[in-house]
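> This is the structure I have questions about; it appears just below.
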Amino acid sequence: MKVLISGASGLIGTELAKQLSALGHKPIRLVRRPVKSADEMFWAPGISDLDPNSLSDIDAVINLAGATTGKIPKVTHHPNGRIPHQLKGSIAQ
């Protein structure tokens, strides 16, 4: 299976991608920076739309993106009231 993972650079996403690969699947990491390898796909929520055609061969999507809460200070809100960019891909429009 070809599995698209948002939040793939986090603790759980990194381990999930590793285990999927070990089981013979192809994890594709959704990244907000320029793509560096064939196992990455660019998307910047709130800045650019994800091209639906780029998802045509994706079998599953796993959303692990979110604001970091395990580090100090915790990200619970943005000072100017905006939603942190890590959460924009998780919010239904």
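> If you take every residue apart from residue 25 with its C-beta less than 10 Å away from the C-beta of residue 25, what net charge results, scoring Lys and Arg +1 and Asp and Glu -1?
Counting the neighbours of residue 25, the net charge comes to +1.
> In the stretch 17-56, if the dipole is taken from +1 on Lys/Arg beta carbons and -1 on Asp/Glu beta carbons about the Cα centre, which of 54, 38, 22 is farthest to the positive end?
Farthest towards the positive end: 22.
> Place the peptides 37-43, 51-57 in order of packing, highest mean first, counting for every residue the other Cβ atoms within 10 Å and averaging per peptide.
Going by the mean number of other Cβ atoms within 10 Å, highest first, we get 37-43, 51-57.
> Run down the aspartates and glutamates and flag those whose C-alpha is under 19 Å from the C-alpha of residue 26, throwing out any fewer than 8 positions away in its chain.
Within reach: 15, 39, 40, 57, 59.
No value in this document is a laboratory result; all are computed from the given coordinates. Please read these numbers as outputs of a predicted model, since none were measured by experiment. Heads up, the Cβs are rebuilt from the backbone with ideal geometry, glycines too, and the neighbour counts pull from every protein chain shown.
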